[in-house]
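Trainee: Please see the structure below; I have some questions.
The values are calculated or read from the model by the stated rules, or taken from the named source; none is laboratory data. As the structure is a prediction and not an experimental result, all values here were calculated from the model. Cβ coordinates were reconstructed from backbone atoms using ideal geometry, including for glycine residues, and neighbour counts include every protein chain displayed. All accessible areas refer to the heavy atoms of the entire protein, side chains included, with ligands and DNA or RNA removed. Shrake-Rupley method; radii C 1.70, N 1.55, O 1.52, S 1.80 Å.
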Amino acid sequence: MRFNGFDLNQLVCLKALLFEKNITRAAQEVHLSQSAMSTTLGHLRRHFNDPLLVRSGRSHVLTPFAKSLVAPLNRMIAQAHDFATLRPDEIQSNIDREIRVVASDYAIRTCLNSATRQLQDGFPSVRLEILPLSERSPRLLENGEVDLILSGQSFDIGVPPSTCLLEDQYVCIACSKMGPPGEKLLPQEFARSEHVVVRYFDEQMTFEDEDALRKAGVVRTRRITTWSHAHVASLVCGTTMLATIPARIAHDLAKRWSIKILPFPFLHEPIRVFAYWHPSRDKDAILDALVGAAKSILDKTNNSFDAQLRY
């Protein structure tokens, strides 16, 4: 195989010649005949326009240019050796690669932010491109244009989930001063209120809270629709509006905003976030590390989160 006019098969021969400084011993090193090695040396001399080996008495010495080739050639062959020994379950920590992840706003806030930091600690040369959930996401996964999707079961990815990352439940948040009084929210109060609603993109998706409302025969009044949970607390504060969001997000927002958390007054299915990847990525060590980091983070926070819900 030639690259920029150079026969890559001659790299090993060149290394033997530079190390042995003798055509016969170099030929023995790479299991070639002496005549074949002499022919190869002629090709190398013509390519580099340098004699490389110069006779000095009964031996040969390297030209200054040949000496300059020793270090980069050794590095190149060492890298080629490392490359040839790579296996899916033995990825080196210095691997240079880009991972494309599609994630819902909820998945980013609950686990992906911290998981990416853990991944960078183990694989500092890995780059991540995080894309928003959209109507195109299933097709991007099918075509191999993205490596991973983190999304709830309410969004049809088109393939079975690879693993479940977390479970959660809905709660309502309201302004501490202007929201409903008391620590509970009646279904009638919910129905009378105006609401801030989070939706990721234009296409209508049925979330678990909407299933519960439909079964209860309740239609809420949407006053504001936003695309990110990050905006919800600022939108309800100073108003009488309610917002129905996952409990993990609510307790995080309550650390920074003057909001109260109220139970969602309707029975509903648990919120679940799944990781989806194409079967061709089943042995992808980088994805395994990223998903493993996300699970590890969630496992560490589950006990404190469960205590918050009981409280």
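Trainee: Once you place label points 7 Å from the Cα toward the Cβ at GLU129 and TRP257, how far apart are they in nm?
Mentor: Calculated label separation equals 3.2 nm.
Trainee: A follow-up question, please. If Lys and Arg each add +1 and Asp and Glu each add -1, what is the summed charge of the other residues whose beta carbon sits under 15 Å from the beta carbon of PRO279?
Mentor: Values: positive: ARG281, LYS283; negative: GLU142, ASP147, ASP282, ASP284, ASP288.
Value of the local net charge: -3.
Trainee: Sticking with this one: What ³J(HN,Hα) values, in whole Hz, does the Karplus curve 6.51 cos²θ - 1.76 cosθ + 1.60 give for region 47-59 when θ = phi - 60°, with x put for Gly and Pro?
Mentor: So the J values, rounded to whole Hz, are 5, 7, 6, 8, x, 6, 10, 10, 5, 9, x, 9, 10.
Trainee: Of the chymotrypsin sites (Phe, Trp or Tyr not before Pro) in region 193-277, which ones lie in a loop per DSSP and count no more than 14 other C-beta atoms within 10 Å?
Mentor: Values: sites: TYR200, PHE201, PHE207, TRP227, TRP257, PHE266, PHE274, TYR276, TRP277; in loops: TYR200, PHE201, PHE207, TRP227, TRP257, PHE266, TRP277.
Taking region 193-277 and a limit of 14 other Cβ atoms within 10 Å, the loop chymotrypsin sites (Phe, Trp or Tyr not before Pro) found are PHE201, TRP227.
Trainee: Quantify how much of the Cα-Cα distance distribution of region 141-281 extends past 24 Å, in percent. Present the calculation step by step, with values, prior to reporting the outcome.
Mentor: Numbers: 3393 of 9870 pairs.
Result: 34 percent of Cα pairs exceed 24 Å.
Trainee: In degrees from 0 to 90, rounded to the nearest 10, what is the angle of the helix 11-20 Cα long axis to the longest principal axis of the chain?
Mentor: Rounded to the nearest ten degrees, it is 50.
Trainee: Against the longest alpha carbon principal axis of the chain, how many degrees, from 0 to 90 and to the nearest 10, is the axis of helix 285-310 turned?
Mentor: Once rounded, one gets 20 degrees.
Trainee: Roughly what angle does helix 64-84 make with the longest principal axis of the chain, taking Cα atoms, 0 to 90 degrees, to the nearest 10?
Mentor: For 64-84 against the chain, the angle is about 40 degrees.
Trainee: Quick one: 3J(HN,Hα) in Hz for region 117-122, Karplus 6.51/-1.76/1.60 with θ = phi - 60°, rounded, Gly and Pro as x.
Mentor: 5, 5, 4, 5, 5, x
Trainee: Can you give me the long-range amide H partners of ILE99? Hydrogens built in the peptide plane at 1.01 Å from N, cutoff under 5 Å, separation of 5 or more residues or another chain.
Mentor: Excluding prolines and chain starts, which carry no amide H, the hits are ARG127, LEU128, GLU129.
Trainee: Determine the calculated [θ] at 222 nm for the chain from helices alone, applying -39500 (n - 2.57) to every DSSP H run no shorter than 4 residues and normalising by the residue count; nearest 500 deg cm²/dmol.
Mentor: Values: 11 runs with 122 residues, N = 311.
Helix contribution divided over all residues of the chain: -12000 deg cm²/dmol.
Trainee: For the chain, give the percent of accessible area contributed by carbon and sulfur heavy atoms, probe 1.4 Å, rounded to a whole number.
Mentor: Numbers: 9060 of 17440 Å².
It is 52 percent, rounded to a whole number.
Trainee: Got a sec to turn the phi values of region 256-269 into Karplus ³J(HN,Hα) couplings, 6.51 cos²θ - 1.76 cosθ + 1.60 with θ = phi - 60°, whole Hz, x for Gly and Pro?
Mentor: Computed from phi, the couplings for region 256-269 are 10, 10, 7, 10, 10, 9, 10, x, 5, x, 9, 5, 8, 5 Hz.
Trainee: In terms of solvent-accessible area of protein heavy atoms at a 1.4 angstrom probe, what is the ranking of ASP156, ASP252, highest value first? If you can, show how the numbers build up before the last one.
Mentor: On the way: ASP156 120, ASP252 50 Å².
Per-residue accessible area, sorted high to low, gives ASP156, ASP252.
Trainee: Next question. In units of 2.2 N^0.38 Å, what is the alpha-carbon radius of gyration of region 32-72?
Mentor: Against the empirical 2.2 N^0.38 Å value, I get 1.20 for region 32-72.
Trainee: Still on this model: Only sites in a loop by DSSP and with at most 16 other Cβ atoms within 10 Å count here; which trypsin sites (Lys or Arg not before Pro) in region 196-262 make the cut?
Mentor: Passing sites in region 196-262 are ARG199, LYS255, ARG256.
Trainee: Same structure again: Please compute the Kirkwood hydrodynamic radius over the chain, one decimal place, Å, based on all pairs of different Cα atoms. Provide the component values of the computation, followed by the final result.
Mentor: Numbers: mean 1/r = 0.0412 Å⁻¹.
Mean inverse Cα-Cα distance, inverted, gives 24.3 Å.
Trainee: Quick one: work out the % antiparallel among DSSP beta bridges in the chain, nearest 5.
Mentor: Working: 25 of 42 bridges.
Looking only at bridges with both residues in the chain, the antiparallel portion is about 60 percent.
Trainee: Take the alpha carbon atoms of region 1-72, find their center, do the same for region 225-286, and report the distance between the two centers in whole angstrom.
Mentor: 65 Å
Trainee: What accessible area per residue, rounded to a whole number of Å², is obtained for region 219-287 using a probe radius of 1.4 Å? Mind showing how you got there, number by number?
Mentor: Working: 3250 Å² over 69 residues.
Dividing the accessible area of region 219-287 by its residue count gives 47 Å².
Trainee: Divide, for region 235-307, the radius of gyration over alpha carbons by 2.2 N^0.38 Å, where N is the residue count. Walk me through the intermediate numbers first.
Mentor: Details: Rg = 16.9 Å, N = 73, 2.2 N^0.38 = 11.2 Å.
Normalised by 2.2 N^0.38 Å, the Cα Rg of region 235-307 equals 1.51.
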